[in-house]
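The values are calculated or read from the model by the stated rules, or taken from the named source; none is laboratory data. What you see is a predicted model; the values in this text were computed from it and never measured. Please note: Cβ atoms are built from the backbone with ideal geometry, for glycine as well, and neighbour counts cover all protein chains shown.
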Amino acid sequence: MTREQARRILELLPSGGEAPADPETAAALELARRDPELMSWFQERQRLDRSIREKLRSARPPVDLLPAIVSGWKQQATIRKSNPWNHTRYLALAATVVLLFGIAAMIWTWMKPAEGARLTAFRADMTNFLKEFPKLDVYLERQSEVRQWLDQRPLYAKAEIPPQLRKFPAIGCRELAWRGENVALVCLMVDGEIVHLFIIPRDQAANSGARSEPRFAAAGRFATASWFRAGITYVAMTPGTKAFLKQHI
């Protein structure tokens, strides 16, 4: 069983209950126990599921919903008398729509946290990930080989390495998963300093197609830069200084 097959099975498991006793679920759970990245994603998925369940249990209609319905009922007394059944049905339908929109907005807020918060979480997780130099899928030196490696993977084929970084030799590339998202890592040797470039496809992001200038920040012992272009989020991290990173991004 591959990691992607396990993920498709595990994302259907509700939190707070016993897993179905079937061979595929058992195999997916066993793979997660042996794969730290998959287990981290599964635990985050379960946490989100619990949060949504708790919010739905505590959901209540807006406090002014009933008075608004009563007011509308009184204002339309003539219509009610001429066709009471249809008017009652439409009022009930309107109240239901208002309530459903409120619940949907609440779920969306919980399931789609602010992009800034996700970037902060990503930088924090990658700081821990980079405590030691990561094991790479391939070790490459020429930028043309890196370009070929990206082009062979549809998710990253549109990714663009900043022009300032293209003149430096590569170290290698790797794919990893972070909280249910696919991420490519390109490691470069830049003026004697290592730069880790993370590429995160986000085709369904709210600002898809937008362009942003790099934003620089610190994350532990790393200087970081993040930007968004054409449906892809980029995060560069280096143990060098912020001034060094600004010079090369």
| query | Out of the stretch 160-185, which residues are closer than 18 Å to L119 by Cα, touching a helix residue (DSSP H, G or I) at 6+ places or on another chain (Cβ under 7 Å) and in a strand (DSSP E or B)? | reply | L176, A177, W178, N182, A184
| request: Out of the residues in the stretch 209-249 that are in contact with a Phe, Trp or Tyr (Cβ under 9 Å, 6 or more places away or on another chain), farther than 15 Å from T127 by Cβ and assigned to a loop (DSSP other than H, G, I, E, B), state the one that is modelled with the highest pLDDT. | output: P214
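Take the residues of the stretch 135-159 that are of a type in the set (A, V, I, L, M) and assigned to a helix (DSSP H, G or I): which is surrounded by the fewest Cβ atoms within 10 Å (Cβ to Cβ)? Even if it seems obvious, please write down each step before you answer.
From the stretch 135-159, those of a type in the set (A, V, I, L, M) are 136, 138, 140, 146, 150, 155, 157, 159; that's our starting set.
Next, from what is left, pick out any that are assigned to a helix (DSSP H, G or I): 146, 150, 155.
On the way: V146: 25, L150: 20, L155: 17.
This residue is L155.
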